[in-house]
Amino acid sequence: MTTSIHPELDLTVSRIIEAPRSAVWNAWTDPASFEQWWVPAPEACRVQDMDLRPGGSFRTEISQDGVGFGPHITGCFLAVDELERIVFTDALVVGWRPAEASFVTAVITMKDHPDGTEYTATALHRDIADRDQHEQLGFHDGWGTVTRQLAELVESRA
Amino acid sequence: MAQYPALLDGVFQALADPTRRSVLGRLGAGPASIGELAAPFDMALPSFMKHIRYLETTGWIRTRKTGRVRTCTLERTSFDVIETWLSEQRSVWEGRTDRLERFVTTTQKEPPE
């Protein structure tokens, strides 16, 4: 399945990593390795669940100081293709149950590259302004437009 | 991850109400007292003050009391919150990818203890 990108809501980060695909895959899918790089020091990450199959629970915790941990990601995997692709979201939790709050679907892909692995992370974000609020305000096209229209709304009175 | 959506929800919730939008529109023309802002509305002052406090806590306006008059000023931060949110998400993912790259390439050279 292809991913449709909305430039004003989504982002893609791509990098050539000089290591074989299996090494990148392992760094992602081994919880002890994942904890080493997912959050920037001095924050610390703890993997609670990493059940790598569609509908499998993905839960991580974060700590500002390495002592007290609080929830970070609570979601589930949507697709797990060995050595190729990991898709997760926080719109659903374990067993595809709808989540209370949703924020992101992330698509991680790994491809062979002459210098190692082409790693791409795409984050698809929910349009956080509710649709009816959009309609009330006449906003249609995402954040850029929202921001412009807000600025115009207020500045037109200046 | 959770804090930005919460912040944004507040920012947009503040805009969902016609009274609050109208107040923001008026403040676009410059600072105004509570009395001036409340005048066009057929609303008890305590109810109007709830809207003012909502706009203040969601970062849309600042209020300052001088003597007996409270003056409201438009705060630009809410625009900035929306605009900077996506670029902050980008830097989160770039940081993650940098650290993954570093982790993978260093553990390649020196096997973990």
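The values are calculated or read from the model by the stated rules, or taken from the named source; none is laboratory data. Because the structure is predicted, anything quoted here is derived from the model rather than measured. Here Cβ is always computed from backbone atoms with ideal geometry, including for glycine, and neighbour counts include all displayed protein chains.
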Q.
Residue under question is A:TRP96, and the condition is that it be within 25 Å of B:GLU101 (Cβ to Cβ), touching a residue at least 12 places away in the same chain (Cβ under 8 Å) and of a type in the set (Phe, Trp, Tyr); does it hold?
A. no
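With the structure loaded, tell me whether B:THR58 is closer than 19 Å to B:PHE12 by Cα, surrounded by 13 or more Cβ atoms within 10 Å (Cβ to Cβ) and of a type in the set (Ser, Thr, Tyr) or whether it fails that test.
Numbers: closer than 19 Å to B:PHE12 by Cα: yes; surrounded by 13 or more Cβ atoms within 10 Å (Cβ to Cβ): yes; of a type in the set (Ser, Thr, Tyr): yes.
So B:THR58 fits the description; yes.
Listed residues B:VAL81, B:VAL104, B:VAL92; which is at pLDDT below 85 and within 11 Å of another protein chain (Cβ to nearest Cβ)?
Working: B:VAL104 fails: at pLDDT below 85; B:VAL92 fails: at pLDDT below 85.
Of B:VAL81, B:VAL104, B:VAL92, the one residue that is at pLDDT below 85 and within 11 Å of another protein chain (Cβ to nearest Cβ) is B:VAL81.
Within the stretch A:16-130, considering only strands (runs of 3 or more DSSP E) that don't extend past its boundaries, which have at least 3 residues that are buried (at least 20 other Cβ atoms within 10 Å of the Cβ)? I'd like the intermediate steps shown before the answer.
Numbers: elements: A:44-50, A:57-63, A:69-81, A:85-89, A:104-113, A:116-125.
Per the criteria, A:69-81, A:85-89, A:104-113, A:116-125.
Scan the stretch B:11-50 residue by residue and report those that are among the aromatic types (Phe, Trp, Tyr) and free of Cβ contacts under 8 Å to residues at least 24 places away in the same chain.
Within the stretch B:11-50, B:PHE12, B:PHE41 meet the criteria.
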Q | Hey, A:ALA23 farther than 22 Å from A:ALA79 by Cβ and either in contact with a Leu (Cβ under 6 Å, 6 or more places away or on another chain) or assigned by TED's automatic domain parsing to the domain that holds A:LEU78 (or both) or not | A | no
